[in-house]
1. Around CYS370, which amide H atoms from residues at least 5 apart in sequence, or from another chain, sit under 5 Å from its own amide H, with H modelled in the peptide plane?
2. Within the range 383-415, name every residue whose backbone N is under 15 Å away from a label modeled 7 Å from Cα of GLN453 along the Cβ vector.
3. If the only charges are +1 at each Lys and Arg Cβ and -1 at each Asp and Glu Cβ, what is the size of the charge dipole of the chain around the Cα centre, to the nearest 20 debye?
4. Return the aspartates and glutamates within reach of LYS179: Cα separation strictly under 17 angstrom, same-chain partners fewer than 8 residues apart disregarded; answer none if there are no such residues.
5. Rounded to the nearest Å, what's the spacing between the alpha carbon centres of the range 229-280 and the range 79-123? Just the number, please.
6. For labels at SER194 and LEU21 in the simple 7 Å Cα→Cβ model, what's the distance in nm?
7. Of (1) 45; (2) 38; (3) 49, which one was derived for percent of Cα pairs over 35 Å apart from the structure shown?
8. Using θ = phi - 60° and the Karplus relation 6.51 cos²θ - 1.76 cosθ + 1.60, list the HN-Hα couplings for the range 124-137 in order, rounded to whole Hz, with x at every Gly or Pro.
Amino acid sequence: MQNITAKRPWADYVGAVPLHLDYYEGSMVDKVEQISLWHPDYVAFDFMGRSTTYKQMFKEIERCARSLKTIGVREGDRVTIAMPNCPQAIYMFYAVNMVGGVANMIHPLSAEKEIEFYLNESESVTAITLDQFYHKFESIRANTKVVNIIIASVKDALSRPVRAGYMLTEGHKIRKIPKDAPVIRWNEFMKLGSHCFYRYRVMRQSEDPAVILYSGGTTGTTKGIVLTNRNFNALGQQVIAANPMFRPGDKMLAAMPLFHGFGLGVCIHTMLSQGGRCILVPRFTAKSYARLIVKSRCNFIAGVPTLYEALLRLPSMEGADLSCLKGVFSGGDSLSIELKKKFDRFLYDHKATIQVREGYGTTETVTACCLTPPHMFKEGSIGVPFPDTYIKIVEPGTDRELPYGEEGEILLAGPTVMKEYMKHPDETAQTLRRHDDGCTWVYTGDLGTMDEQGFIYFKGRAKRMIISSGYNVYPGQIENILDAHPKVQMSCVIGVPDAYKMQKVKAFVTPAAGITPDETVKEELMEYCRRHIAKYAMPYDIEFRDDMPKTLVGKVAYRVLEEEEMARIKA
């Protein structure tokens, strides 16, 4: 068996980065408090032109915690946070941690029935959301155990001049909340803390549950993933150890959403637990993202591949100076080789001295647990594990480790591994398994290989694999080939049911700028595929799309395309 635990990937490739770290033993809010004492006058975050220092931020977190205690939130209670990236969400997230509660993070744009599911699954007693989402919460409130709903507004976090502009452009669109609505408005809520002077802080241990994030896991069924204080604090230390160029005060563009491990773990908690500065982006678009990178002179940015693909097409980026960048990270979906090449050229052309670095992880490990080193890139690789994180490739579903270069299931172990799937003990036992080496391993359901230097190569999710005429076809590999064609901006490949082959391959393509999608282009792409793709994996059809459907975090929603195709077949 390969002794992967003996490998020293970070020590070998990043020099001064240690193989092991001494992890902070305490809660998330304790770690943030430590930073606020070390750097009280550093800016913790910027929001729509307004800056807040660490000292100011921590004072608001304490006020919020006292208010939570006043309305009856106790140790172990779940509090649902359905908010965009804004100051109130930051205060609430850490205040829940301070009173010993568990933050249940959900997307504010979730449908009513989804919100009802999240509230009931977590057994939340309190929820906070924006005024514009109040009516969704109120319509399902009676079906839940929620006692208090706190309503915040973006305008409350704005400076007076910006607030006036916001109310003229966005605020007037928000549906009015009845004056007698059974809610607590944010400003009134924060005043409640004046009635609580002591015993609002609950000392929590590093292994105590702190956050619930949601994911389909390895089965595709939505489940709450219970993560601990240690999971988040360890991630923060690992990310910084893997980026020795980071300095306290460096700016991170926090556009990835709070309900997602990438946004919450990397863009928010890593920065605030290590002295960084978050540029909060409440409503994300490629244009707003691009504008803030340049205007704020960001040092670190993170995003999914579709975001970087969109930046390539933005006229506003022409002539932009990106020399301020120290790190550009891609995660959440596979970054095609061709898109990496295109974006690296884009960075070079805009004065950046770095390249995009691909990472990999799962919500079961908060988010990233593997990253391309800053100065050693291997084509097609997602990098090497973080300090104290181990990866091995096994025969799917077993503990039999495979030789270097052989494809199998990716397993993860380390300090960021989740506590459990909430209320799903059988699936927890199926996903978390203790091996003879003493480690608890996450069975990711992802396929990959490892080379002799410890670099990992992601090959796709096992459940996304297409089986055609008995052959295994991996959509990501075909997408990589299509994306390399100069007339293709983006592609997505799915399996379509077929009576003879079981499944046949279909490709969806968004043409590159200036390309008219006609039969001539289609035949050109088919001929190109015939030259580059094995016969058994050849798409039987290519359908052009002006844009691809996206998930809430910006990935290409291949399941939507699969569902549309099934509906078409049934019709």
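1. TYR360, PHE386
2. From the range 383-415, the list is 383-385, 405.
3. 1900 debye
4. Qualifying aspartates and glutamates at Cα under 17 Å: ASP131, GLU138, GLU188.
5. Here the answer is 19 Å between Cα centres.
6. Simple spin-label model gives 4.1 nm for this pair.
7. It is the value labelled (2).
8. Karplus-based 3J(HN,Hα) across the range 124-137 equals 5, 9, 9, 9, 10, 8, 7, 4, 5, 10, 4, 5, 5, 5 Hz.
The values are calculated or read from the model by the stated rules, or taken from the named source; none is laboratory data. Source: prediction; values computed, not measured. Neighbour counts are summed over all protein chains in view; Cβ atoms, including those assigned to glycine, are modelled from backbone coordinates with ideal geometry. Side chains are part of the model used for accessible areas, which takes the heavy atoms of the whole protein and leaves out ligands, DNA and RNA. Shrake-Rupley method; radii C 1.70, N 1.55, O 1.52, S 1.80 Å.
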